[in-house]
Amino acid sequence: MPENGRGSEAPGRSRAPESFETFARARQRRLYRTAYLLCGDPETARDLTQTTLAKLFQHWRRASAADHIEAYARTVLTRTYLAERRRRLRDLLAHSRPGSRPAPEHADRRVTLLSALAVLPPRARAMVVLRYWEDQSVESVAELLNCSESTVKSQCSRSLAKLRAQLGEAHIYTTES
Amino acid sequence: MGDNMPEDDQRNALLVRDAMERTVAELPPVHDLVPTAVTQGRRRRARARLAIAAGIVCVAGAAVVGAVGLPAGGDGGTTVRPAASGTPEPSESPTPVQEPEAYRTPVHIEPTSDEETAMADLPPAERKQREDFQQRVAVLLDELLPDAVGLIRPVDLEVRRYQGETDDGKVFPVIFSVRPSGGGSGPKPCPDEPGALKGGSCERTTLPGGIEAISYRMLSDSPETTATMVYFSYGNSDVALTVTPDTNATTSAPVTSEELLAVVGDSRFLDLVRYADKNPMQESQISIAGD
């Protein structure tokens, strides 16, 4: 697979300590993009990115000492997303919330990547984003999500087939083209 | 990525990745999230410290109670020690990060009726003035209101609207309104009749500069939740600051009348009121119902 130009991290490279601000300013856009693919809505993605950065700030000493600070940030982002989804699900089960934020509606009525991703359960969606957007190995995704490698493989394969079915053979449309 | 993947999966993965690339490429640039993240992070740290301190006190208290309750001699003489905190955090220096200029991402709310017009529909200069004002208000309220109200952000629908959102997802709508009084005589005094507030409370106080302010804590939105509000007059304006409950979580506004009166008595808050009084951004009281 070709290099995707999203900025790469050097695995195994030991890093000099970096200030939180330097790290956060350099990475916030990338985290935001990943968050957007996870939740499919710019506002929620912004909140998710901000919460992730706040958690990193809170534990900066530990985070900055990590071998792979990017991986640390990605883990915080993904787990925060999954926790938020669980919370929302609980809320939905507990109360009917007519006033809550509606599901994002994409301007284009055509099938889009985001609406295709939206049909996946949160963990499966996270696996797809981590594997195919963040280029993470099966092992890394399994570790991050506390599941087996075979689960990651089978879920990703099923999710890809679903996405393909949603998006159609000929074209994969983006949000609004 | 494609190691050991079936050919079909590899082809699908390529297409999905391509779609992802194109999807994120269309995202608009995002405001700098770092300043607000720093504020939120500091708050999280403070809360974590507080929780740990409270935990230690509880454990120590339990140990003392347990020790007193134990019979003397035998095993009862063994000291029960509070568990050492294994939490690998809160001893970091609180000031390693320089305070940047804060930006609070506004909460977007669509107008729900024809009478409601969004700030987005205003002429650019007017809109910018209100957005700047909201930013200043949000940052200051964030500093002055109790942490339990959460991170304060402007609401982009109206200049007077804000909301606090806590880490656990509670949302407390906040109104800060400064509008031409239309000839009113300021806030009414607290009612003499004890039952008039139906279990609520009313306080009157004098702010710096001799400004008379009145604060209510009253049932709002449900029989179990209360809102806290302060009213006063300033220059030619009627001023209101209100924190309302999170109706979905059935949680009262986590601020007392005393705390809200302290907020409005802060000189920086009064500076904002002074600015809004000189540069009115809301319609006069006569034309808007409901506040």
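Other residues whose C-beta falls under 12 angstrom from the C-beta of residue A:28 contribute a net charge of +4, scoring Lys and Arg +1 and Asp and Glu -1. Residues in the stretch B:160-171 carry Karplus couplings, in order, of 7, 9, 9, 8, x, 10, 8, 4, 8, x, 6, 10 Hz; the curve used is 6.51 cos²θ - 1.76 cosθ + 1.60 with θ = phi - 60°, and Gly or Pro positions show x.
Partners of residue B:188 within straight-line reach, counting lysines whose Cα lies under 29 Å from its Cα and excluding those fewer than 8 residues away in the same chain: B:198, B:278.
Just reorder B:175, B:152 by solvent-accessible area, largest first, 1.4 Å probe, all chains present. Can you show the working numbers first?
Details: B:175 35, B:152 0 Å².
The most accessible residue leads, giving B:175, B:152.
Per-residue surface analysis assigns residue B:143 an accessible area of about 110 Å², computed on protein heavy atoms at 1.4 Å probe radius. Rounded to the nearest whole Hz, the Karplus-based 3J(HN,Hα) values (6.51 cos²θ - 1.76 cosθ + 1.60, θ = phi - 60°) of the stretch A:18-33 follow the sequence 10, 6, 4, 4, 4, 4, 5, 5, 6, 10, 4, 5, 5, 4, 4, 5, with x at glycine and proline. Under 5 Å between amide hydrogens, built in the peptide plane, is the criterion, and for residue B:238 it picks out B:179, B:181 among residues at least 5 positions away or on other chains. For residue A:55, the shell of other residues with beta-carbons less than 10 Å away shows a net charge of +1, using +1 for Lys and Arg and -1 for Asp and Glu.
Compute for chains A and B the buried accessible surface, both sides summed, probe 1.4 Å, and express it in Å² to the nearest 100.
On the way: alone 11080 and 17650 Å², together 23870 Å².
Separately minus together, A and B give about 4900 Å² buried.
In this rough spin-label picture, where each label sits 7 Å from Cα along the Cβ direction, the residue B:196-residue B:147 distance is 3.9 nm.
Could you rank B:31, A:59 by how accessible they are, 1.4 Å probe, largest area first?
Values: B:31 100, A:59 40 Å².
Final ranking, largest accessible area leading: B:31, A:59.
Once you average over the residues of A:47-57, how many Cβ atoms of partner chains fall within 10 Å of each Cβ?
6
Rg over Rh for the stretch B:98-252 works out to 0.98, using Cα positions for both radii and the Kirkwood form for Rh. Between the alpha-carbon centres of the stretch A:52-86 and the stretch B:175-251 there is a gap of 41 Å. Of the residues A:22, A:34, A:44, ranked by 1.4 Å probe accessible area with the largest first, the sequence reads A:22, A:44, A:34. Assuming R0 = 30 Å, can you tell me the calculated FRET efficiency for the pair residue B:167 and residue B:127, based on Cβ-Cβ distance, to the nearest 0.05? My answer for the efficiency is 0.45.
Taking amide H as placed 1.01 Å from N in the peptide plane, the amide H of residue B:163 sits under 5 Å from that of B:153, B:155, B:174, each at least 5 places away or on another chain. Each residue of the stretch B:123-140 is assigned a 3J(HN,Hα), and the resulting list reads x, x, 5, 5, 5, 4, 4, 5, 5, 5, 4, 4, 4, 5, 5, 4, 5, 5 Hz, derived from the Karplus form 6.51 cos²θ - 1.76 cosθ + 1.60 (θ = phi - 60°), x at Gly and Pro.
The values are calculated or read from the model by the stated rules, or taken from the named source; none is laboratory data. Everything numeric in this text was worked out from a predicted model, so none of it was measured. Cβ atoms come from the backbone with ideal geometry, glycine included; neighbour counts cover every protein chain shown. Calculation scope for accessible area: heavy atoms of the full protein, side chains included, ligands and nucleic acids excluded. Shrake-Rupley method; radii C 1.70, N 1.55, O 1.52, S 1.80 Å.
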